[in-house]
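The values are calculated or read from the model by the stated rules, or taken from the named source; none is laboratory data. Please read all numbers here as calculations on a predicted model, not as lab measurements. Positions of Cβ are generated from backbone atoms using ideal geometry, with glycine treated the same way; all protein chains shown enter the neighbour counts. These area figures cover heavy atoms from the full protein model, side chains too; ligands, DNA and RNA do not enter into them. Shrake-Rupley method; radii C 1.70, N 1.55, O 1.52, S 1.80 Å.
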Amino acid sequence: MMACLLEAPLRISVLSEVTATSRHYVDRLFDPDPQNVLQGVIDMKNAVIGNNKQKANLIVLGAVPRLLYLLQQSSSSLELRTECAVVLGSLAMGTENNIKSLVDCHIIPALLQGLLCSDLIFIEACLRCLRTIFISPVTPVQLLYTTPEHQMVLFNHGAIQNIAPLLISPSYKVRMQALKCFSVLAYENAQVSMTLVNVLVDGEQLSQVFARMMQRDKPIEMQLTAAKCLTYMCRAGAIRTDDNCIILKTLPCLVRMCSKERLLEERVEGAETLAFLMEPDIELQRIASVTDHLVSMLADYFKYPSSVSAITDIKRLDHDLKHAHELRQAAFKLYASLGSNDEDIRKKITETENMMDRIVSGLSESSIKVRLAAVRCLHSLSRSVQQLRTSFHDHAVWKPLMKLLQNAPDEVLVMASSTLCNLLLEFSPSKEPILESGVIELLCSLTQSDSPALRVNGIWALMNMAFQADQKVKVEIVRALGTEQLFRLLSDPDTNVLMKTLGLLRNLLSTRPHIDQIMSSHGKQIMQAVTLILEGEHSIEVKEQTLCILANIADGNTAKELIMTNDDMPQKIKYYMGHSNVKLQLAATFCISNLIWNEEDGSQERQDKLREMGFVDILHKLTQASDPSLCDRAKTAMQQYLA
């Protein structure tokens, strides 16, 4: 007990001793005489240079808010404001904790405001301090110009016109900074990219200047950054994907960056940029897949963190081993992009040495980014019927995928559940083992997510699972989802969720015994949901899917009666048979056809009742329809009356 009491006062006295020697520096910042304040700041500057302990003391004593106040006062002399910026820059040179303290005191807006001053020496002091702060990993980068709003602020203040001439500056450093600036401005920004296309530098188009910077004799950093600029302009729609500067210059340059001769960070950036460039374009994917053996070159990303030539440098080797996971992440991303459309490329990827094993181990890596990239790659490959039947089955990919679905962050969940949807298609051999692993509960919980993408995937996977499933599986889905949740999903604000829920319902209500069983227990609610959708403001696709569900109900033995005894429903069918959209007319005619089908119990009574309601006249009119499918369906239905 005594020891505890003794310890506390000791700590305080040590701290007060240390800070007492620093206190006079802070006190002088509050002196009424501006000359004394200036001298105090200059003395403080000399005291903190290279002295981390002194920097920490001054921050603890509250020097930062006062320095920022003086820096922002228009009444302060320019010399004082400049010296304050220099001291703050020196404090930022200390530990990461120092930078956190500076950012918490809102140093960034104050320094940005300082850039509006007309004095170049003061501006330079502010810029140096900003640079020190933004180089630190603890600074939230989004505070600077990375958002569309900030890109537009720079754009509207003439950044492009002012920076473009710097691309031909005699200084390499200046050219590089201008190039980097354009890559940040153009990223996912159509307006900036469209403007860049028309900019001339010394009479030459900007895209030509960038293309020249990608030549093999230029420094790697320059080649790579120029390739990023053209990639971003292309993705923003400012340059066509079949333009020569993309196909003959940018794409080959990025593929070169993936070679094992390049440094780790160059290989990472090259692969990630290339993946982004060709993500939406099948032609670029095909060209890249046959350029410089790219598919097998990427296999090296899993083996050599360092190029052979760099291994002489022990520090480099140590760095690369620590960052090897970034290479794996980049390779998975690029494979995902390469294989997103073309069956032959997917085959090439899965046949690359140990590829499926690598993906499987990637799914359980400690780095969240690697897991996400691996599941993206798996999702891309899962679009192939052939791969689902072969390599996916051989490697039991579904097991690590199911494990990944337990408490993962949303972005991983979205990709993993999309992949699961494909693994649950009827021709996938993985469907059976997944069903047995208790996946239904997990998918039902996804349908309750706040994220529309996760709700869609959860319901989509259940829809695939219910397709041609046996009665036991269907009953289990309805039980696990619960009717309340099923009907909540039928009024989901997201159309994709609604469409997939209707798809699930349609798959549940197929084959007569299943239709009759589900309608006998949930018929009232299902009919209510169908009515609401047919009366509501919904798209043609939604209404067509709903009428198809109604046609399935009309195909049941006992379920039919739920339509026939509902006075309102035949009127709705009649309305849609006369609709201006052929798809809705077809689906509604199908409903009637099922209700009047001859060989079934009670067909005579149903035919008579529907004749009285004017359906024969409508069918007769539809046999003259200009659409051949509608005409045939109406004729088939009419024959039931004639038989």
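Annotations for the structure displayed:
- Those helices (runs of 4 or more DSSP H) lying entirely in segment 284-399 with at least 3 residues surrounded by 16 or more Cβ atoms within 10 Å (Cβ to Cβ) and in contact (Cβ under 8 Å) with a residue 40 or more places away in the chain: 294-299, 314-338, 343-350, 355-362, 368-381
- Number of positions in segment 1-52 that are farther than 30 Å from Thr82 by Cβ and at pLDDT 90 or above: 0
- Check on Glu149, in contact with a helix residue (DSSP H, G or I) (Cβ under 8 Å, 6 or more places away or on another chain), over 30 Å from Lys45 (Cα atoms) and among the charged types (D, E, K, R): no
- The listed residues are His522, His538, and the only one of them that is in contact with a Ser or Thr (Cβ under 6 Å, 6 or more places away or on another chain), open to solvent by 20 Å² or more (accessible area, probe 1.4 Å) and of a type outside the set (D, E, K, R) turns out to be His522.
- Residue match in segment 252-274 (condition: part of a helix (DSSP H, G or I), open to solvent by 50 Å² or more (accessible area, probe 1.4 Å), touching a helix residue (DSSP H, G or I) at 6+ places or on another chain (Cβ under 9 Å) and β-branched (Val, Ile, Thr)): no
- When the residues of segment 184-214 are filtered to those that are touching a residue at least 40 places away in the same chain (Cβ under 8 Å) and assigned to a loop (DSSP other than H, G, I, E, B), the one that is least open to solvent (accessible area, probe 1.4 Å) is Asn189.
- Of residues in segment 418-450 being modelled with pLDDT under 85 and acidic (Asp, Glu), the one most open to solvent (accessible area, probe 1.4 Å): Glu436
- Residue count, segment 451-464 (criterion: polar (S, T, N, Q) and surrounded by fewer than 19 Cβ atoms within 10 Å (Cβ to Cβ)): 1
- Test for Ile135: is it open to solvent by less than 40 Å² (accessible area, probe 1.4 Å) and over 25 Å from Asn36 (Cβ atoms): no
- Identity of the residue in segment 621-643, open to solvent by 100 Å² or more (accessible area, probe 1.4 Å) and not small (Gly, Ala, Ser), that ends up modelled with the lowest pLDDT: Leu642
- Hey, Ser76 closer than 21 Å to Arg28 by Cβ and outside any helix (DSSP H, G or I) or not: yes
- Any hit, segment 584-606, residues being open to solvent by 80 Å² or more (accessible area, probe 1.4 Å), farther than 17 Å from Thr623 by Cβ and at pLDDT 90 or above: no
- Residue in segment 103-123 that is among the charged types (D, E, K, R) and closer than 18 Å to Leu58 by Cα present: yes
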